[in-house]
Amino acid sequence: MRFVSFILGLAFSAAALAQSAPVKIGIGIAQTGTLGGGGKAALLALQMWVEDVNARGGLLGRKVELLAYDDQSNPATTPGIYTKLLDVDKVDLLIAPYGTVPTAPIMPLVKQRGLLLMGNFSFQVNHTVKHDMWFNNAPWGDATSWTEGFLRIGQNIGAQTIAFIAADQEFAQNLANGAKEIAKKSGLKTVYEQNYPPATVDFSAMIRAIRAAKPDMVFVCSYPNDSVAIVRAVNEIGVGPTVKLFGGGMVGLQFTPVMESLGSSLNGIVNYHSYVPGMKYPGIEDFLQRYAKKAAEAKVDPLGFYLPPFNYAIGQILEQAVAATKSLDQKLLAKHLHGHEFNTIVGPISWGPDGERARPAVPMIQFRNVADKNVEQFRQIGKQVILHPPQFKSGDPVVPYEKARGGN
Amino acid sequence: MKFWIGMAVTVALAAGLALSRTNEYFFYAGFVVLQFVVLATAWNILGGYAGYVNFGTAAFFGIGAYTAVVLFKAAGAPLALQILAAAAISGLLGFGTGLLTLRLRGIFFSIATVAVIFIMETAMVNWRYVGGATGMQLLRPPVMEPFESYTRMLFVAMAILAVIAVSIARYIEVSWIGRGLRAIRDSEEAAECFGVPTLKLKLFACTVSGALMGAAGAAMPMYMSFIEPPSSFSLTYSVSALAMPMIGGTSHWLGPVIGAVLLGSVQQIVTVTISNEINVLVVGVLLVVFVVAAPDGVLGLLKKLRWLLRSSR
Amino acid sequence: MSFELLLEAIVFGVLLGCFYAAVSIGLSVAFGLLDVPHVAHPAIMVLGSYCTYVLGRYGWDPIVAGIALMPLFFLLGVAIYRFYYESFEKRGSDAGVRGLAFFFGLAFIIEVGLILVFGVDQRMVEAAYIGRSLALGEFRIPWRMVVAFGVALALTAGLTIYLSRTFTGRAIKAVAQDEPALRLMGANPVRIKQWAFGIATGVTALAGAMLIVVGPVEPSLDRVYIGRTFAVVVLAGLGSMTGTLAAGLILGISESIVLMQFGASWAPAVAFGLLLVALGIRPQGLFGR
């Protein structure tokens, strides 16, 4: 009798789970193109969350289904992708594309349709549109939170002049404009500034010009393809003996495939990050171990330091919010998200009224003793030395840059 | 008379659909198809009637889009005004391009038109007011009654524009202008000997063609709520605007319409179901196939079919 | 604008310019001499770059790979010309427009084909000379540019000698100058043109190898090179090989100076601007016939 009722119970719950429509979550996320290296790892983390939440019974008793399309890191594709997700696939919840550049075009769309959007490592993408249902998972807030670490480190070692190079795209321009203002207020003198079109591949002319300007610090705002090209150009022709700090806002130097291919060329660069080994959060070590296994199977970035923990966190936040409000109503969820703090594997997360982090903390790291063609080395403490913020600091900067790089 | 009834029916149909409960995505995709009807028709005025293969569609389209953005940002201008201004500016660009390049023969003209695309794109990349290479987010104005959404309104607006474009093309085709252009296509030297004002006619065709392409481009920024240079000046517009008339048939105004509707619909279906790349592959392959095997396009094939059926009786 | 920066820009421009000349030389033959509206030339070059990339994954040096690919691309060129001739050139007047459309479509098919196979990611090759530079006092000249310069010079010289000294070479020049006369002398112009187009395409394979040595490639790279190659060919004057070198240098140096003075956002317009100016003022080019 108990066996029969057990089987019946199983059949009923299976039927119930199968019969009620799944909760569809939609995302356009770069799997190819300049951001693809990071996007692949991010998607894997999201898929891990979907598996975990379904094992726990799904959202509101319904299975969760993740629909993902490749936006090729191209902002022209995202309006079409998100319109398709909304009108053809009829998704219930949206997660933003990875990165500022692919996210910028859909901000007007989500604002005018009154939709909740979970941000995915964008920088100040909401500052013109001012959508009140936007929640960014990144550890930074405004330009100050990002740049003060870099500039303070520089000033502590006596830097007085600074050069800026920035790609002409939403992320880099947002960051560079903010950084330039803060530099001015800090009393630093700008000796060179240059914007370049996003498709630029040859930076020799710019590096030569920087060398001629003899700055103490060089603040770079670039996307992965250009970051790689810039690092190679600097290693090819050198940036001059005066430069103490080089880096700051170079996206891509956190992607494992990029770190592996650049290897020792990375040494000396001081750049931002989101998570490196040595930073302690509850649950993160366990996540990274599980992630490493799945990544090996999927042949994707095996380390998972930069994006995956924060993408898993998006899932955690959604899960907690949906459970608390017991609904998928976008306005209710947005109201709940604004008023609460959420525990995730990257610590507690809450937002200001603009949808950016209430308490931002951006690690600035310096690459040291990196060898060529070795992925696992980055698991060791000491390859990415944390210079800022004080609560995570693990070392002081090695200057000047050319010496830290080991170059000529 | 039949023509005007047909045009009125088309507009009524578009409006009716927009007010019905059809799925929103239909209008999103349908807008693109109608946009290509305008672009293909515009291209055909110079490319099909006169035989001057214009690769520069993207330049006129992009400048039309940016004109609309400037008007919208500076003065909050309504869509109709954006379209008119875009047509005027692109028409001017067409006139200027024509003056510079229409003296060149065949391939030189075509390569020069590619040059115009890149120069215009570079100009927009370096203009911070419209966002430079970063681009600009655009918030649509509230939609007016009775339309449910802005996309539906754009769909109807583009349908009206398509009707206007086709009417202009038909007028040119049957008038003395069309005769002159055909003479130029058959043999420019002979036409000149006969006193046809070849340069004036070519300039006229280039200007009208550019203006219509610009008008089509004007609605794009509002459609995407975003604008940036690479996608606005993409060579894909040039190859599509060229392929569609070649596939449909270049000697009659109906050809570009058939080509645009057929190819445009296939493209949209492929984009939704398979991928974005295959979309461009379809255009390229069909273009090559038709250019090699069916030079008179679908219309030509239909004509042959009719002839075959008639002669077999 | 300091003198040192200007000097560095000019040196870089010379290296770049020679590279542009080598990249355009295939077009000089195909379009300049044979009058084929070959807008797919840059796309075939990018195809050559990707083939070099694939061989690079097996450890081949890029320049060696490029040379090895030349015979394959020669055959490809012969096939393309044959197809073009049968479909268009034979049929006369209207063929001009459709031939042009054909090559345009071909260029797109190649580009999209590359995206489907390789994706939109940038691809690079590794070699001993990529990533290091030659230090001359304060100047640093990247070795990859020097290698490309050397190969380009050799290629241009080689092709020029071939066209003026060998029998087939001179036949190619003859068919460009006066086809009916050649026919009367008993030579088959179609075979000669086929051969020439094959050589032009073979040369393009090596150009593609140089392209991926100089910098990373992605499938849509052919679009900006349409401007550069046609600017060089038109500025040179159709059919002139030495003219191609001179025009390439002019383009390379102008681009380098604009890059230094105004930044990378204006650089793409240099080639196309030069092209329009050449077409407008002196369509027969500097050394044209």
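The values are calculated or read from the model by the stated rules, or taken from the named source; none is laboratory data. Only a predicted model underlies this, so the values are computations on that prediction, with no experimental measurement involved. A quick note on method: Cβ atoms are made from the backbone with ideal geometry, for glycine too, and the neighbour counts reach across all protein chains shown. Areas reflect the complete protein model, heavy atoms only, side chains present, ligands, DNA and RNA absent. Shrake-Rupley method; radii C 1.70, N 1.55, O 1.52, S 1.80 Å.
Taken together, C:144, C:98, C:170, C:82 contain a single residue that is touching a helix residue (DSSP H, G or I) at 6+ places or on another chain (Cβ under 8 Å), within 13 Å of chain A (Cβ to nearest Cβ), assigned to a helix (DSSP H, G or I) and not β-branched (Val, Ile, Thr), which is C:144. Mind listing whichever residues of segment A:72-103 are closer than 14 Å to residue A:136 by Cβ and part of a loop (DSSP other than H, G, I, E, B)? Hits for segment A:72-103 are A:96, A:97, A:98, A:99.
Screening C:34, C:16, C:55 for residues that are open to solvent by less than 50 Å² (accessible area, probe 1.4 Å) and within 14 Å of chain B (Cβ to nearest Cβ) leaves exactly one candidate, C:34.
Within this structure, residue B:235 fails the test of being within 21 Å of residue B:55 (Cα to Cα), at the interface with another protein chain (Cβ under 9 Å from one of its Cβ atoms) and surrounded by fewer than 23 Cβ atoms within 10 Å (Cβ to Cβ).
Any idea which of (1) farther than 16 Å from residue C:103 by Cα; (2) open to solvent by less than 40 Å² (accessible area, probe 1.4 Å); (3) without any contact (Cβ under 8 Å) to a residue 60 or more places away in the chain is the one residue B:290 doesn't satisfy? Status for residue B:290: all satisfied but (1).
Residue under question is residue C:140, and the condition is that it be among the charged types (D, E, K, R) and within 23 Å of the chain's Cα centre (by Cα); does it hold?
Details: among the charged types (D, E, K, R): yes; within 23 Å of the chain's Cα centre (by Cα): no.
So residue C:140 does not fit the description; no.
Looking across segment C:243-264 at every residue that is over 15 Å from residue C:227 (Cα atoms) and among the small types (Gly, Ala, Ser), the one that is farthest from the chain's Cα centre (by Cα) is identified as C:263.
Within segment C:258-270, track down each residue that is small (Gly, Ala, Ser) and either surrounded by fewer than 22 Cβ atoms within 10 Å (Cβ to Cβ) or more than 8 Å from chain B (Cβ to nearest Cβ) (or both). Break it down stepwise before answering.
At the first step, the residues of segment C:258-270 found to be small (Gly, Ala, Ser) are C:263-265, C:267, C:269.
The answer is C:263, C:264, C:265, C:267.
Of these, B:222, B:213, B:244, which one is part of a helix (DSSP H, G or I), open to solvent by less than 10 Å² (accessible area, probe 1.4 Å) and either within 14 Å of chain A (Cβ to nearest Cβ) or over 18 Å from residue B:36 (Cβ atoms) (or both)?
Numbers: B:213 fails: either within 14 Å of chain A (Cβ to nearest Cβ) or over 18 Å from residue B:36 (Cβ atoms) (or both); B:244 fails: either within 14 Å of chain A (Cβ to nearest Cβ) or over 18 Å from residue B:36 (Cβ atoms) (or both).
Exactly one of B:222, B:213, B:244 is part of a helix (DSSP H, G or I), open to solvent by less than 10 Å² (accessible area, probe 1.4 Å) and either within 14 Å of chain A (Cβ to nearest Cβ) or over 18 Å from residue B:36 (Cβ atoms) (or both), namely B:222.
Going by the structure shown, is residue A:97 in contact with a Leu (Cβ under 7 Å, 6 or more places away or on another chain), within 14 Å of chain B (Cβ to nearest Cβ) and open to solvent by less than 10 Å² (accessible area, probe 1.4 Å)?
no
Entry remark, segment C:162-212: residues being at negative phi and without any contact (Cβ under 8 Å) to a residue 40 or more places away in the chain number 23 in total.
Just to check your reading of the model, which residue among B:42, B:59, B:74 is modelled with pLDDT of 90 or more, exposed (fewer than 15 other Cβ atoms within 10 Å of the Cβ), of a type outside the set (Asp, Glu) and more than 30 Å from residue A:89 (Cβ to Cβ)?
Details: B:42 fails: exposed (fewer than 15 other Cβ atoms within 10 Å of the Cβ); B:59 fails: exposed (fewer than 15 other Cβ atoms within 10 Å of the Cβ).
The match here is B:74.
Sort out which residues of segment C:236-257 are part of a helix (DSSP H, G or I), under 19 Å from residue C:173 (Cα atoms) and open to solvent by 30 Å² or more (accessible area, probe 1.4 Å), and write them in order of number. C:242, C:245 - these are the residues of segment C:236-257 that are part of a helix (DSSP H, G or I), under 19 Å from residue C:173 (Cα atoms) and open to solvent by 30 Å² or more (accessible area, probe 1.4 Å).
Here's the yes/no breakdown for (1) in a helix (DSSP H, G or I); (2) aliphatic (A, V, I, L, M):
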position	(1), (2)
B:7	yes, yes
B:13	yes, yes
B:16	yes, no
B:21	no, no
B:25	yes, no
B:32	yes, yes
B:39	yes, yes
B:90	yes, no
B:103	no, no
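Criterion first (closer than 26 Å to residue C:127 by Cα, more than 10 Å from every other protein chain (Cβ to nearest Cβ) and among the aliphatic types (A, V, I, L, M)) does residue A:230 satisfy it?
Working: closer than 26 Å to residue C:127 by Cα: yes; more than 10 Å from every other protein chain (Cβ to nearest Cβ): yes; among the aliphatic types (A, V, I, L, M): yes.
Taking the combined requirement at face value, the residue satisfies it.
Return a yes/no flag: does segment A:191-202 have any residue that is of a type outside the set (Gly, Ala, Ser) and in a helix (DSSP H, G or I). Write out each step before concluding.
First pass over segment A:191-202, keeping only residues of a type outside the set (Gly, Ala, Ser): A:191-198, A:200-202.
Retained after the next criterion (residues that are in a helix (DSSP H, G or I)): none.
There is no residue in segment A:191-202 that is of a type outside the set (Gly, Ala, Ser) and in a helix (DSSP H, G or I).
Residue check, residue C:60 against (1) part of a helix (DSSP H, G or I); (2) open to solvent by 10 Å² or more (accessible area, probe 1.4 Å), all met but one. Which one? Only one criterion in (1) part of a helix (DSSP H, G or I); (2) open to solvent by 10 Å² or more (accessible area, probe 1.4 Å) is unmet by residue C:60, namely (1). Restricting the first member to segment A:285-300 and to residues that are closer than 20 Å to residue A:36 by Cβ, and the second to residues that are assigned to a helix (DSSP H, G or I) and small (Gly, Ala, Ser), the beta-carbon pairs closer than 6 Å and six or more apart or on different chains are A:300/A:41.
Scanning segment A:178-223 for residues that are within 14 Å of chain C (Cβ to nearest Cβ), β-branched (Val, Ile, Thr) and more than 27 Å from the chain's Cα centre (by Cα), which turns out nearest to residue A:268 (Cα to Cα)?
Let us first name the residues in segment A:178-223 that are within 14 Å of chain C (Cβ to nearest Cβ), namely A:191-214, A:222-223.
If we keep only those that are β-branched (Val, Ile, Thr) too, we end up with A:191, A:200-201, A:207, A:210.
Next, from what is left, pick out any that are more than 27 Å from the chain's Cα centre (by Cα): A:191, A:210.
Working: A:191: 22, A:210: 17 Å.
In this case the residue turns out to be A:210.
Under the condition of being within 14 Å of another protein chain (Cβ to nearest Cβ) and more than 23 Å from residue B:45 (Cα to Cα), the residues counted in segment B:64-117 number 3.
Got a number for residues in segment A:19-47 being in a helix (DSSP H, G or I) and either open to solvent by 10 Å² or more (accessible area, probe 1.4 Å) or in contact with a helix residue (DSSP H, G or I) (Cβ under 6 Å, 6 or more places away or on another chain) (or both)? Full working, then the answer.
Going residue by residue through segment A:19-47, those that are in a helix (DSSP H, G or I) are A:19, A:36-47.
Cutting the leftovers down to either open to solvent by 10 Å² or more (accessible area, probe 1.4 Å) or in contact with a helix residue (DSSP H, G or I) (Cβ under 6 Å, 6 or more places away or on another chain) (or both) gives us A:19, A:37, A:40-47.
Selection size over segment A:19-47: 10.
Please find, among B:159, B:205, B:191, the residue that is modelled with pLDDT of 90 or more, buried (at least 18 other Cβ atoms within 10 Å of the Cβ) and under 24 Å from residue B:99 (Cβ atoms).
Numbers: B:159 fails: under 24 Å from residue B:99 (Cβ atoms); B:191 fails: modelled with pLDDT of 90 or more.
Of the residues listed, the single one that is modelled with pLDDT of 90 or more, buried (at least 18 other Cβ atoms within 10 Å of the Cβ) and under 24 Å from residue B:99 (Cβ atoms) is B:205.
Consider residue B:197 carefully, then state whether it is more than 14 Å from chain A (Cβ to nearest Cβ) and touching a Pro at 6+ places or on another chain (Cβ under 7 Å). Full working, then the answer.
Details: more than 14 Å from chain A (Cβ to nearest Cβ): yes; touching a Pro at 6+ places or on another chain (Cβ under 7 Å): no.
Considered against the rule, which asks whether it is more than 14 Å from chain A (Cβ to nearest Cβ) and touching a Pro at 6+ places or on another chain (Cβ under 7 Å), residue B:197 comes out as no.
In the set (1) more than 10 Å from chain B (Cβ to nearest Cβ); (2) touching a residue at least 60 places away in the same chain (Cβ under 8 Å), the condition left unmet by residue C:230 is number (1).
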